[in-house]
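Comments concern the structure below.
The values are calculated or read from the model by the stated rules, or taken from the named source; none is laboratory data. All of these numbers come straight from a predicted model, not from anything done at the bench. When we count neighbours, we look across all protein chains shown, and the Cβ atoms used for this are built from the backbone with ideal geometry, even at glycine.
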Amino acid sequence: MAITLTEKAAQHVVRSIEKRGAGVGLRLGVKTSGCSGMAYQLEFADRVEASDVQFESHGVRVLVDATSLPYLDGTQLDFVREGLNEGFRFENPNVKGACGCGESFSV
């Protein structure tokens with residue numbers, strides 16, 4: 001099982017944590033939401049929880065709760081800029097479908 005970041009995503013996370021002045025890594029998860037069933041959760045983590053599964057990618061610690069891990073296994077997180085927009089993009093091999101607005105997915 002693994003979660004990875006592209007080099008661009010890792011650089012963005014490192015810069016953001018430095019700007020915040022605190023943080024141990026990036027926390028990923030899923031929650032029930034949207035018309036397709038699930039949505040990604042993404043936040044900076046200030047501490048490691050006992051239930052976290054940890055991965056290291058390009059020097060960034062990635063934390064995932066055990067419940068979310070089966071839905072995220074094999075995911076690569078990228079950071080992209082398209083015109084004036086920028087943000088994280090999930091490349092998740094487990095996704096079977098997504099809603100038209102792109103806010104939720106199903107596995």
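Only one of the numbered conditions (1) at pLDDT 85 or above; (2) assigned to a loop (DSSP other than H, G, I, E, B); (3) over 23 Å from GLU49 (Cβ atoms) is not met by GLU103, and that is (1).
Just one of the listed residues (ALA45, ALA50) is at negative phi and either touching a residue at least 24 places away in the same chain (Cβ under 8 Å) or surrounded by 13 or more Cβ atoms within 10 Å (Cβ to Cβ) (or both), namely ALA45.
Looking across region 1-33 at every residue that is in a strand (DSSP E or B) and among the small types (Gly, Ala, Ser), the one that is nearest to VAL64 (Cα to Cα) is identified as GLY29. Scanning region 66-76 turns up no residue that is acidic (Asp, Glu) and in contact with a strand residue (DSSP E or B) (Cβ under 7 Å, 6 or more places away or on another chain). The strands (runs of 3 or more DSSP E) found entirely in region 34-88 that carry 2 or more residues being at pLDDT 90 or above and within 11 Å of THR4 (Cα to Cα) are 52-57, 60-65, 76-82.
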